[in-house]
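The values are calculated or read from the model by the stated rules, or taken from the named source; none is laboratory data. Keep in mind it's a predicted model, so treat the numbers as computed, not measured. Please note: Cβ atoms are built from the backbone with ideal geometry, for glycine as well, and neighbour counts cover all protein chains shown. Quick note on the areas: whole protein, heavy atoms, side chains included, nothing else; ligands and nucleic acids left out. Shrake-Rupley method; radii C 1.70, N 1.55, O 1.52, S 1.80 Å.
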Amino acid sequence: PPGDCTHDGTSDGTRDGVVVGTPGFMAPELAAGAAREADARTDVYGLGAILRELLSAGDDSIPRPLAAIVARATATPPGDRYPTASALAADLRRWLDAEPVDAYHENPLERAARFYARNRPLILLLLTYAIVRLTILLWRGV
């Protein structure tokens, strides 16, 4: 198919020992011809490459936790990647749910911002109550 290439640059179909894939989406171990080493982490690399491509199509900057997920999924050493596609999906779900992700260690300010974003109505309600309460106490002279 168009876009596919083999390790030796030809595209005459698949044969045993011939590497076929799309550059940039193929895990490094596959590109190096080590197809026998392929496992679930090889698929994770491909999924991470697709996610990277989708995210690069937008004009917005990528949030650091999401960039860390992509970096972990597309890490060169297979041992540094998510062990399974399910683990990658779980981290993406955590990011979508505004929860901490495994691939990124946030600092306290980022944690506070994430907490505020998830609990904004409650925090604003409590802050409003505190301001009204303080105003009443000051007005009474107490």
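Whether any residue in segment 90-98 is of a type outside the set (Gly, Ala, Ser), within 23 Å of Gly24 (Cβ to Cβ) and in contact with a Gly (Cβ under 8 Å, 6 or more places away or on another chain) is what I want to check.
So far as segment 90-98 goes, no, none of its residues is of a type outside the set (Gly, Ala, Ser), within 23 Å of Gly24 (Cβ to Cβ) and in contact with a Gly (Cβ under 8 Å, 6 or more places away or on another chain).
So Ala103 ticks every box in (1) in a loop (DSSP other than H, G, I, E, B); (2) modelled with pLDDT of 95 or more; (3) open to solvent by 90 Å² or more (accessible area, probe 1.4 Å); (4) not hydroxyl-bearing (Ser, Thr, Tyr) but one. Which box is left unticked?
Just one mismatch for Ala103, condition (3).
Taking segment 114-142 only, how many residues are farther than 28 Å from Asp80 by Cα and either open to solvent by less than 90 Å² (accessible area, probe 1.4 Å) or β-branched (Val, Ile, Thr) (or both)? I'd like the intermediate steps shown before the answer.
Initial filter on segment 114-142 (farther than 28 Å from Asp80 by Cα): 115-142.
Checking which are either open to solvent by less than 90 Å² (accessible area, probe 1.4 Å) or β-branched (Val, Ile, Thr) (or both) leaves us with 116-117, 119, 123-124, 128, 130-132, 135-137, 141-142.
So the count comes out to 14.
Cβ-Cβ below 7 Å, separation at least six or inter-chain, first residue in segment 35-57 and within 14 Å of Ala71 (Cβ to Cβ), second open to solvent by less than 60 Å² (accessible area, probe 1.4 Å) and among the aromatic types (Phe, Trp, Tyr): which pairs?
Pairs found: Val44/Tyr82.
For Ser61, indicate whether it is open to solvent by 90 Å² or more (accessible area, probe 1.4 Å), polar (S, T, N, Q) and without any contact (Cβ under 8 Å) to a residue 60 or more places away in the chain.
Values: open to solvent by 90 Å² or more (accessible area, probe 1.4 Å): yes; polar (S, T, N, Q): yes; without any contact (Cβ under 8 Å) to a residue 60 or more places away in the chain: yes.
Taking the combined requirement at face value, the residue satisfies it.
Output the residue which, of all residues in segment 73-94 that are open to solvent by 70 Å² or more (accessible area, probe 1.4 Å) and modelled with pLDDT of 95 or more, is nearest to Ala32 (Cα to Cα). Write out each step before concluding.
In the first step, residues of segment 73-94 are kept if they are open to solvent by 70 Å² or more (accessible area, probe 1.4 Å); the result is 76, 80, 83, 86, 93.
Pick out the ones that are also modelled with pLDDT of 95 or more and you get 80, 83, 86, 93.
On the way: Asp80: 18, Pro83: 20, Ser86: 26, Arg93: 32 Å.
Going through the qualifying residues, I end up with Asp80.
Of all residues in segment 49-72, which are within 28 Å of Ala34 (Cα to Cα) and touching a Leu at 6+ places or on another chain (Cβ under 7 Å)? Break it down stepwise before answering.
Step one: of segment 49-72, the residues within 28 Å of Ala34 (Cα to Cα) are 49-54, 67-72.
Within segment 49-72, Ile69, Val70 meet the criteria.
Residue check, Gly33 against (1) open to solvent by less than 50 Å² (accessible area, probe 1.4 Å); (2) under 20 Å from Val101 (Cα atoms); (3) not in a helix (DSSP H, G or I), all met but one. Which one?
Checking Gly33 against (1) open to solvent by less than 50 Å² (accessible area, probe 1.4 Å); (2) under 20 Å from Val101 (Cα atoms); (3) not in a helix (DSSP H, G or I), the one that fails is (2).
(1) in a helix (DSSP H, G or I); (2) surrounded by fewer than 17 Cβ atoms within 10 Å (Cβ to Cβ); (3) more than 12 Å from the chain's Cα centre (by Cα): which one isn't true of Ala67, the others all being true?
Of (1) in a helix (DSSP H, G or I); (2) surrounded by fewer than 17 Cβ atoms within 10 Å (Cβ to Cβ); (3) more than 12 Å from the chain's Cα centre (by Cα), only one is false for Ala67: (3).
Pick from segment 21-30 the residues that are of a type in the set (A, V, I, L, M, F, W, C) and within 17 Å of Gly79 (Cβ to Cβ): which of them is surrounded by the fewest Cβ atoms within 10 Å (Cβ to Cβ)? Outline the logic, then answer.
First pass over segment 21-30, keeping only residues of a type in the set (A, V, I, L, M, F, W, C): 25-27, 30.
Next, only the ones that are within 17 Å of Gly79 (Cβ to Cβ) stay: 27, 30.
Working: Ala27: 26, Leu30: 19.
For segment 21-30, the residue satisfying everything is Leu30.
Exactly one of (1) part of a helix (DSSP H, G or I); (2) of a type in the set (D, E, K, R); (3) out of contact with any helix residue (DSSP H, G or I) (no Cβ under 8 Å at 6 or more places or on another chain) is unmet by Asp60. Its number?
Unmet condition: (1).
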